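Any read-out appearing in this document is the output of simple, stated calculations on the displayed coordinates, not a laboratory observation. Since we're looking at a predicted model, the values are computed, not measured. All Cβ positions, even for glycine, are placed from backbone atoms using ideal geometry, and neighbour counts span all protein chains on display.
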Amino acid sequence: MKTILLILTLFLPFAAQATDVEQIIEKANLASYYAGNDGRADVRMTIYDAKGGTRERQFTVLRLNSRNANQKFYVYFREPADVRKMAYLVWKKVGGDDDRWLWLPALNLKKRIAPGDKRTSFVGSDFLYEDISGRGPDEDNHQLVSENNDSWMIKNSPKDPDSVEFSYYMVWIDKQTYLPLKAEYYDKSDKLYRRVSAVKIETIDGYPTVLEAVAEDLNSGSKTVNSFSRVKYDIGLKKRIFTERFLRRPPREVRQ
């Protein structure tokens, strides 16, 4: 299951190819975040700074699809000690602001994440909170710029420019799987400053799945690599898992 990425991304194949840019974007969103009825994955996150230093995070992601394209996500951190037992919960609401909570065990604190914070760093990495559950397709205007035999190149411009730090981003979408292969973000000065890429892909349970994703901050020189393992789909996750009660203690499903 994926970012994200992107960050954390899951992909679904489609038999027929879309030709309208809105159809392409909609199918790419479904491919990225809606494979199966639910899913889980273990993630090893490696953060590289500009000087070559590294930090690691290990966590498990659970995802459950709901009605009307709404979703719920649960993230439980295992390592290292400074983030161990930390948990992140998202109730994704299509067409509205998501509900997001972060449990900080060291402070015995449950923190509500404001909607405006969704484009800030996720646990000190180069991935963003928004990368976990995805950006709504209706938040941007989409323009098909070019295509070749393998992919479409689409320009995405925010409908509310003041709500985000970028002026637009370009995304390359695979024609066979509708999997987003790469996204490049440009700032208000039209300078490329951020890149997110899918660098390793395999088919799991019939779903093309990103097993390694990379987010790069081109200004600072840092990058973060997410490696996914033990990916499973349609495992019968229950709604009760995705509630505030499990912020303080993990459900048994993260240990399966």
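Before moving on, here are some points about what is shown:
- Protection proxy ranking for 228-236, 36-44, 207-215, using the average of other Cβ atoms within 10 Å per residue and placing the highest first: 207-215, 36-44, 228-236.
- Considering only Phe127, Phe59, Phe246, the mean-square fluctuation computed in a Gaussian network model of the chain, springs between alpha carbons under 10 angstrom, is largest for Phe246.
- Amide proton proximity set for Thr209, modelled H, under 5 Å, gap of 5+: Glu202, Thr203, Ile204
- Against the chain, whose longest principal axis comes from its Cα atoms, helix 21-33 is set at around 20 degrees.
- Checking the Cα-Cα distances for Lys27/Lys159; Lys93/Lys118; Lys72/Lys232 against a 18 Å cut-off, the pairs over it are Lys27/Lys159.
- Value of relative contact order over region 21-255, rounded to a whole percent, pairs C-alpha under 8 Å and six or more apart: 21
- Among Asp99, Asp131, Asp20: highest mean-square fluctuation, GNM of the chain, C-alpha pairs under 10 Å: Asp20
- Shape call, region 105-254: gyration tensor on alpha carbons, a/c limit 1.5: oblate
- Of the peptides 116-125, 159-168, the ranking by mean beta-carbon count within 10 Å, highest at the top, reads 116-125, 159-168.
- Taking the chain as a Gaussian network of alpha-carbon nodes connected by springs under 10 Å, the highest mean-square fluctuation of the residues Asn141, Asn29, Asn68 belongs to Asn68.
- Diffusion coefficient, µm² s⁻¹, Stokes-Einstein with Kirkwood Rh over alpha-carbon pairs of the chain at 25 °C and 0.890 mPa s: 134
- Debye, to nearest 20: dipole size of region 21-255, +1 on Lys, Arg Cβ, -1 on Asp, Glu Cβ: 1420
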